[in-house]
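A.B. asks: Got a structure for you, written out below as structure tokens; questions coming shortly.
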Amino acid sequence: MLEVSGLTAHYGDFQALFGVDMQVEEGETVAIIGSNGAGKSTFLRTLTGLRPSKGQEIRFCGQQIAGLPADQIHKLGLAMVPEGRRLFRSLSVEENLLIGAAGKRKGPWDLKKIYDLFPDLVAKRNNPGTALSGGQQQMVAIGRALMSNPSLLLCDEISLGLAPKVIMDIYEAVPMIRAQGTSILVVEQDVSQALAVADRIYCFMEGRVSLTGTPDSLSKEQIANAYFGIG
Ligand code: ATP
């Protein structure tokens, strides 16, 4: 479904990614782990067209998407839950969700399905974003991305700043999302969460893939070494 080969990224003279290869197969949940500054967000932003990618090799559902504008990539079925949620705080939960339906593709996700996925949002549907807890805001951000019926959902640090119980609630949604046929690529600093949900993980260190494999096949030592550069 997604095939990235040799991806590079620069901020001026600074190189943030050095030839990253990655595949996500249809139906998979894949996690990218890595410490602050490893290049995870830059990678997602490059996939979605928020950063320049012209001339690179990013194939999505058989099509070369590098260099396409972000809205076109979104229409092809790649939607992102951005770091920090970025809700329209003065709009209601439902209005935020409906914004996600702009450019909607055919698929299983609609308002009812989102409320089934996150029942906490039902009673809040007319409340503004400002009246929500951090966890509820994250649910709206995920729901908003799903409303476009993406075939691949990209999630950037959905556990950031949330209490452990809330993180567990949010992550409970991942298998349900996948059961609807939506593939998922999550960026996560919380390694145990990533290992718990993912079919495969990629660890990034200093702009490179330092380790990849299935959670079962990787030892704690290998992950610590790939994550922090220690072993
Ligand atoms: P975090 O978990 O902190 O978001 P990350 O793994 O997502 O980290 P990136 O945000 O992709 O890492 O950053 C990768 C590198 O690129 C870092 O060294 C960072 O300082 C640098 N960087 C990110 N954004 C910019 C920018 N707008 N201008 C210059 N350098 C940047």
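The values are calculated or read from the model by the stated rules, or taken from the named source; none is laboratory data. These figures come from a predicted structure and were not determined experimentally. Cβ sites come from the backbone with ideal geometry, for glycine too, and all protein chains shown count toward neighbours. The protein model used for the area step is the full one, side chains on, heavy atoms only, and it has no ligands, DNA or RNA in it. Shrake-Rupley method; radii C 1.70, N 1.55, O 1.52, S 1.80 Å.
A.B. asks: If I ask for residues that are of a type in the set (D, E, K, R), open to solvent by 80 Å² or more (accessible area, probe 1.4 Å) and in a loop (DSSP other than H, G, I, E, B), which ones from the stretch 88-111 would you list? Write out each step before concluding.
C.D. replies: In the first step, residues of the stretch 88-111 are kept if they are of a type in the set (D, E, K, R); the result is 89, 94-95, 104-106, 110.
Now drop any that are not open to solvent by 80 Å² or more (accessible area, probe 1.4 Å), which leaves 89, 95, 104, 106.
Within the stretch 88-111, Arg89, Lys104, Lys106 meet the criteria.
A.B. asks: For the stretch 75-83, does any single residue satisfy the condition of being open to solvent by 60 Å² or more (accessible area, probe 1.4 Å), in a helix (DSSP H, G or I) and closer than 30 Å to Thr8 by Cβ?
C.D. replies: Taking the stretch 75-83 as the starting set, the residues that turn out to be open to solvent by 60 Å² or more (accessible area, probe 1.4 Å) are 75, 83.
Among the residues that remain, those that are also in a helix (DSSP H, G or I) are: 75.
Next cut, closer than 30 Å to Thr8 by Cβ only: 75.
Yes, the stretch 75-83 contains a residue that is open to solvent by 60 Å² or more (accessible area, probe 1.4 Å), in a helix (DSSP H, G or I) and closer than 30 Å to Thr8 by Cβ.
A.B. asks: Under 7 Å between Cβ atoms, at least 6 apart or on separate chains: pull out the pairs that start in the stretch 1-29 with a residue that is within 20 Å of Arg178 (Cβ to Cβ) and more than 16 Å from the ligand (Cβ to nearest atom) and end on any residue that is open to solvent by 70 Å² or more (accessible area, probe 1.4 Å) and in a strand (DSSP E or B).
C.D. replies: Glu3/Arg59; Gln23/Glu3
A.B. asks: For the stretch 188-199, state whether one or more residues are over 24 Å from Gly6 (Cβ atoms), open to solvent by 60 Å² or more (accessible area, probe 1.4 Å), among the small types (Gly, Ala, Ser) and touching a residue at least 12 places away in the same chain (Cβ under 8 Å).
C.D. replies: Yes - at least one qualifying residue is present in the stretch 188-199.
A.B. asks: Sticking with this structure for a sec: Evaluate the following for Gln136: is it surrounded by fewer than 14 Cβ atoms within 10 Å (Cβ to Cβ) and of a type outside the set (A, V, I, L, M, F, W, C)? Spell out how you get there, then give the answer.
C.D. replies: Numbers: surrounded by fewer than 14 Cβ atoms within 10 Å (Cβ to Cβ): no; of a type outside the set (A, V, I, L, M, F, W, C): yes.
In short, no.
A.B. asks: Next up: Scan the stretch 141-154 and give yes if some residue there is among the charged types (D, E, K, R) and either in contact with a strand residue (DSSP E or B) (Cβ under 9 Å, 6 or more places away or on another chain) or open to solvent by less than 50 Å² (accessible area, probe 1.4 Å) (or both), otherwise no.
C.D. replies: If we filter the stretch 141-154 for residues that are among the charged types (D, E, K, R), which is where we start, we get 144.
Keeping just the survivors that are either in contact with a strand residue (DSSP E or B) (Cβ under 9 Å, 6 or more places away or on another chain) or open to solvent by less than 50 Å² (accessible area, probe 1.4 Å) (or both) gives 144.
Scanning the stretch 141-154 turns up at least one residue that is among the charged types (D, E, K, R) and either in contact with a strand residue (DSSP E or B) (Cβ under 9 Å, 6 or more places away or on another chain) or open to solvent by less than 50 Å² (accessible area, probe 1.4 Å) (or both).
A.B. asks: Sort out for me the strands (runs of 3 or more DSSP E) sitting completely within the stretch 170-227 that have 1 or more residues that are more than 16 Å from the ligand (Cβ to nearest atom), touching a Ser or Thr at 6+ places or on another chain (Cβ under 9 Å) and modelled with pLDDT of 95 or more.
C.D. replies: On the way: elements: 183-187, 200-205, 208-213.
Output list reads 183-187, 200-205.
A.B. asks: I'm trying to understand the selection: among the residues of the stretch 29-56, which are surrounded by 21 or more Cβ atoms within 10 Å (Cβ to Cβ) and hydrophobic (A, V, I, L, M, F, W, C)?
C.D. replies: Of everything in the stretch 29-56, those that are surrounded by 21 or more Cβ atoms within 10 Å (Cβ to Cβ) and hydrophobic (A, V, I, L, M, F, W, C) turn out to be Val30, Ala31, Ile32, Ile33, Ala38, Phe43, Leu44, Leu47.
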